[in-house]
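What follows draws every value from the coordinates through simple rules; no lab data is involved. Since this is a predicted model, take the numbers as computed values, not measurements. Here the Cβ positions follow ideal geometry from the backbone for every residue, glycine too, while neighbour counts run over all protein chains shown.
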Amino acid sequence: MKKLIAAAVASSMTAFAMADISITGDAKYEYDLTDNNGTKTTTANTEAHINFTGKSGDTTAVAKFQLVEQGAAADATNADGDFDMEDVYITTSVAGVGIKAGNYASGTSGLAGEIEEGGRSNGKVMLSYKLGDINVYAGNGGDSADLAGNANAADGGMNNNMFAGASVTVGGQTVQVKKNSEVLNSFGIKGSVGGVSYRYETQDHDTNGDASYGEVSASMNGITVQYATLDADAAAGLTETDSAVFALESANYSDSDGQSQVAVSTTVDGNKITVKSGTVEKGLSTTRDKDYTQLSVSRALASGATAVVTYTDQDMTTGDQTNLEIELNVKF
């Protein structure tokens, strides 16, 4: 009997070891001190992401979870924290056609990612195929429902969310075009010329008009300088609230229809130092812009964690506001 039990345990352990399953994630603790014209407030927030990835041949299944304790991210019905299933999707291929289906968000590095919010939606599906150097794709953006299937009637379900696009890279320059929906089109080009990297993207919306994002950057003697700008015909054309570029986001200010920012970064004795200075157009009102400056210092610790200290100074309607944020994060 002992031998049978040992054999069964060994068999189950071997099956688990042979399964192509990985677990990754990240976690961070944030402490924030805000001084708004002499009124000081403090907040703290702990957040973790756990990602499960399973593979079988050319098929991959991904499930990503977010756990938040306290802080502004906790929902109103659960003041002690929040648990969300963020991304759940499958990627595979059939006869050379790539398939991605499920619930997932597009990143800000994608086409028009710095212009529009890359929100998640239920029931997304995208098919892609390589035609020589050209990658073509088409799909449906889903119904913006939650994972329980509660459809958001405001966006018409999945009926009006078809999209199609193509991209091609020639000589290091990538050109992209996309028909986002019946009322929205996007175009982008990015690459590098003479050591200067660039990225330009624009959208044309039947109601909101045009919106564009531009970026140029160059590095010399260990110092990187970047200039980035947003411009829109109407504030409704800018919806991205959490980009990787700007210290403050135009979409967080109801009247803002653009902004510009200069960023300088370098590394000194293992400390990455980044300074961002910019202006949010109509960030204070329809007639007043918002200026800001941000200093961030990050350092990888011997323990495997990374410490980040960020200080932001921004104009307010009266006076100014400063934020000191201390973050400790780790990836695994």
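Tabulated results
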read-out: Listed residue pairs exceeding 21 Å between alpha carbons, taken from K40/K282; K28/K64; K40/K331; K64/K124; K100/K130; value: K40/K282; K40/K331
read-out: Mean ellipticity per residue at 222 nm, deg cm²/dmol - from DSSP H runs of n ≥ 4 across the chain, formula -39500 (n - 2.57); value: -1500 deg cm²/dmol
read-out: Exposure proxy ranking, count of Cβ atoms within 10 Å, fewest first, for M162, M126; value: M162, M126
read-out: Local electrostatic count, S298, Cβ distance below 10 Å [Lys/Arg +1, Asp/Glu -1]; value: +1
